[in-house]
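Notes for the one structure printed next.
The values are calculated or read from the model by the stated rules, or taken from the named source; none is laboratory data. This one's a predicted model, so the numbers in the text were calculated from it and none came from an experiment. Note that each Cβ is placed from the backbone with ideal geometry, even for glycine, and that neighbours are counted across all protein chains shown.
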Amino acid sequence: MSDAGVDSVKWISRTWNRKNPLSSSRKKRRRISQTLLSFLAIDLDKDGFNSANKKKLKKLQKILAVPKQLIKKSDLPTFCNDDFRTDKGPNNQEHKINGEKAYWDTIWKLWSVAPTCKSMSDLDGYMSFKENPDENPGTAERLVICPSGFGKPDTLSQLRSKGVQEVIRQKVELDDVSEYVALTLFHELLHSQAAGYLEDYNVHTGESIFVGNSNDKSNEDEEEEAIPAYGQVAVPIFAESFPDKAMNNADSVALYAAAMYLHKWSWWTGEAQIPDKESCDEGSDDADCCIQ
Ligand SMILES: [Zn+2]
């Protein structure tokens, strides 16, 4: 695995402590409240610092710490390609499950219909699970980052160290940030058992479309292709439509983590902006606002 990716995941998790919305400092909380509302439907301005919000934020804190823990323990089998899943099985035969092409897993010795890096060219990565992962947590899950997941040549920390004006001038968006391998890793690790099996939801119906979850076969008959709540456009739409599910959607949490890591900018619209622009215009004394 790329060192830069692993290193960034550690840093993304760590950022929580410095930008903690549970902080007693109102200023620190305000700086991130728009992102929390837009991505995760947690409204610190309207609902204040009430017990329901406190509970949600504590849960979020726990979830955000998981990728770092998993990377640190490094006992999660991780692959940079999935050549071990082949078109044909041990008897040189192809196989179908419910009419769908299946791939033979030469490590786990089982068939599965989940797409492979080759069969889905824009697949950045995925988590997969053996049957009944709860019976055997830890050893029953596996992470694959596909070749297309290594999209950006430089690293997330390089972007982080860039000047505020430069990133705004380049019109960097969170969707660009999602192409860094660190974010792909972070997203996939949120699907782990340790993070509580976060989902990929259909942005329109709110149903789970997490293909890696072998327990969920409920959407197989769906005729229309499900659009996942991925990225800077779909994540806020999903938070508005399904506020109770937002924190259980892997990309909502991953985008929030990225926005906190790249804390020099405000990202709640998806595009890099100077934080709290409106407050600055009103003559705020917040030092972070005054970068021009
Ligand atoms: Zn996912």
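Look at the stretch 192-205: where a residue is more than 10 Å from A250 (Cα to Cα) and a partner is within 10 Å of the ligand (Cβ to nearest atom), sitting 6+ places away or on another chain with Cβ atoms under 6 Å, you get N202/I209; V203/A229.
In this structure, is S241 of a type in the set (S, T, Y), surrounded by fewer than 21 Cβ atoms within 10 Å (Cβ to Cβ) and under 15 Å from A41 (Cα atoms)? Yes. Of everything in the stretch 154-212 that is of a type in the set (A, V, I, L, M), within 14 Å of the ligand (Cβ to nearest atom) and not in a helix (DSSP H, G or I), the residue that is nearest to I63 (Cα to Cα) is A195.
Considering every residue within the stretch 160-176, establish whether at least one is hydroxyl-bearing (S, T, Y) and at pLDDT 90 or above. No, the conditions are met nowhere in the stretch 160-176. Residue check: is D122 under 19 Å from the mean Cα position of the chain (by Cα), closer than 23 Å to Q232 by Cα and of a type in the set (D, E)? So D122 fits the description; yes. Among the residues of the stretch 60-99, those identified as over 30 Å from S33 (Cβ atoms) and small (G, A, S) are S74, G89, G99.
The conditions of being within 14 Å of the ligand (Cβ to nearest atom) and of a type in the set (S, T, Y) are met by S252.
Among the criteria (1) in contact with a Ser or Thr (Cβ under 7 Å, 6 or more places away or on another chain); (2) of a type outside the set (K, R); (3) at positive phi, the one T86 does not fulfil is (3).
Just one of the listed residues (K19, K54, K88) is surrounded by 11 or more Cβ atoms within 10 Å (Cβ to Cβ), modelled with pLDDT of 90 or more and among the basic types (K, R), namely K88.
Cβ-Cβ contacts under 8 Å between residues 6 or more apart (or on different chains), taken from a first residue in the stretch 238-253 that is over 19 Å from L174 (Cα atoms) to a second residue that is of a type in the set (A, V, I, L, M) and within 15 Å of the ligand (Cβ to nearest atom), are listed as S241/V203; N248/L198. The sole residue among E141, E100 that is farther than 19 Å from M260 by Cα and surrounded by fewer than 19 Cβ atoms within 10 Å (Cβ to Cβ) is E100.
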